[in-house]
Amino acid sequence: VRQIVLAARPKGMPNAETFRFDEATLPALQAGDVLVEPAYFSVDPYMRGRMNDAKSYVPPFQVGEPLMGGAVANVLESKADGISAGDLVTGNLTWATQAVVPAKGLKKIDASLAPASYYLGILGMPGLTAYFGLLDIGNPQPGETVVVSGAAGAVGIIVGQIAKIKGCRVVGIAGSDDKVTLLKEQFGFDEVVNYKTATNLTDAIAEACPKGVDVYFDNVGGDVSDAVIKNINFHARIPLCGQIAFYNTTEVPMGPRIQPMLLTRSVLMKGFIVGNYQARFGEGVKQLAAWVNEGKLKYTETTIKGFDKLPEAMLGLFSGQNTGKMIVEV
Ligand code: NDP
């Protein structure tokens, strides 16, 4: 089988030297194993963190070993109870064209309920991240202003729509005029600011949020978050979801000191990992699926075709190539 391994740990932005294409031989199936063939891979910003040799909530990738990520796969052969050839499963799989893995790490999915790739997006990790981060930490109330950065991405596009369902004014921050138009015209955002072209981002956010910011769902960090926090209201909530502005920096740059403002305005800022909510995933998926079926939650993804495009697709996340979830169709 073909596989993609981590050739060297990147310093800063990954490049051609980071990845290597390899061939591998599959082991024989043992009791409890399945042979799977991935149909879709998810590429996600957190994978960049796993390329560093650093302690985090997921262990680092090893140099010389295949990369790994969320996938939807067809079962070709099974020696496990409860899973048969022909089933569709989701789980974390190595970047290989086929794999032999223990069935216990996989979950069967039903592609008659929703397209298979949705289980990597709106009905998977990004959807649950948006749902729990916004509702549990953000606690948005009708009439409040919710700002979301990374607004046109997998998580952000769902955050904005859930905030609309909850009766909020929703302001997105995204990196292109096409994304601005799409979010306003098709995803119901009230205002969207292009952080790349705004002459003064703090003023642009102030203009888009005449009553200030009650909830800031932070996907990016950096200058964008500094500008939002300068507009933060008393008793605002900030679910700290992602800091993509820093994932490829070798040194985190110093921003304005925002703590006095958080203190005097009694702001709650709370980091979270979607895995914290594992016990409630069932509730989250059920609600997200219901909103999708009722037409209240719209979904979009950017699909890149071909196994060999996995590295390119992953790097595309850092230059904003995707609208909605970035998916690689094998
Ligand atoms: P996205 O689909 O949002 O893809 C990343 C997007 O980020 C790009 O499309 C780009 O859009 C934007 N971006 C890239 N670089 C920068 C930058 N330097 N400054 C501002 N924006 C940038 O990814 P996800 O929706 O999967 O993830 C969004 C965030 O949430 C990430 O930070 C991720 O790590 C985090 N996350 C956290 C989870 C948790 O459990 N806490 C779980 C899942 C995701 P644009 O064109 O607008 O620049």
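What follows is calculated from the coordinates using simple rules that are stated; it is not laboratory data. What you see is a predicted model; the values in this text were computed from it and never measured. We place every Cβ from the backbone using ideal geometry, glycine too, and count neighbours over all the protein chains shown.
For this structure, a couple of remarks:
- Charge dipole of the chain (Cα centre as origin; +1 on each Lys and Arg Cβ, -1 on each Asp and Glu Cβ, all else neutral): 660 debye, rounded to the nearest 20.
- Spacing of the modelled spin labels on Thr202 and Thr249, each 7 Å from Cα toward Cβ, amounts to 1.7 nm.
- With a Förster radius of 22 Å applied to the C-beta separation of Lys305 and Ser84, the computed FRET efficiency comes to 0.20.
- Residue pairs exceeding 27 angstrom between C-alpha atoms, taken from Lys179/Lys296; Lys107/Lys286; Lys107/Lys305; Lys108/Lys164; Lys166/Lys286: Lys108/Lys164.
- Region 73-150 - Kirkwood radius from inverse mean 1/r over Cα pairs (Å): 15.1 Å
- FRET efficiency, 1/(1 + (r/R0)^6) with R0 25 Å, evaluated for Glu185 and Asp136 via beta carbons: 0.25
- Electrostatic tally near Ile229: other residues with Cβ closer than 15 Å to its Cβ, Lys and Arg +1, Asp and Glu -1, net 0.
- Unit charges at the beta carbon, dipole of the chain: most positive-side option, Phe234, Tyr247, Phe187: Phe234
- Reachable aspartates and glutamates from Lys196, criterion Cα separation under 14 angstrom, eight or more residues apart if same chain: Asp177, Asp178, Asp223
- Surface/4 of the Cα convex hull for the chain, nm²: 16.7 nm²
- Cut-off of 10 Å, at most 10 other beta carbons, DSSP loop: longest stretch of the chain lacking such GluC sites (Glu not before Pro): 1-250
- The value of relative contact order for the chain, using C-alpha pairs under 8 Å at least six residues apart, is 17 percent.
- Distance (nanometres) between label positions extended 7 Å along Cα→Cβ at Tyr46 and Leu262: 2.1 nm
- Kirkwood-type hydrodynamic radius, region 125-275: 15.0 Å, calculated from all non-identical alpha-carbon pairs.
- Here the relative contact order of region 1-83, from alpha carbon pairs under 8 Å that lie six or more residues apart, stands at 39 percent.
- At most 14 other Cβ within 10 Å, DSSP loop - trypsin sites (Lys or Arg not before Pro), region 17-54: none
- Two-site label geometry, Leu113 and Ile165: point separation in nm, points 7 Å out along Cα→Cβ: 1.5 nm
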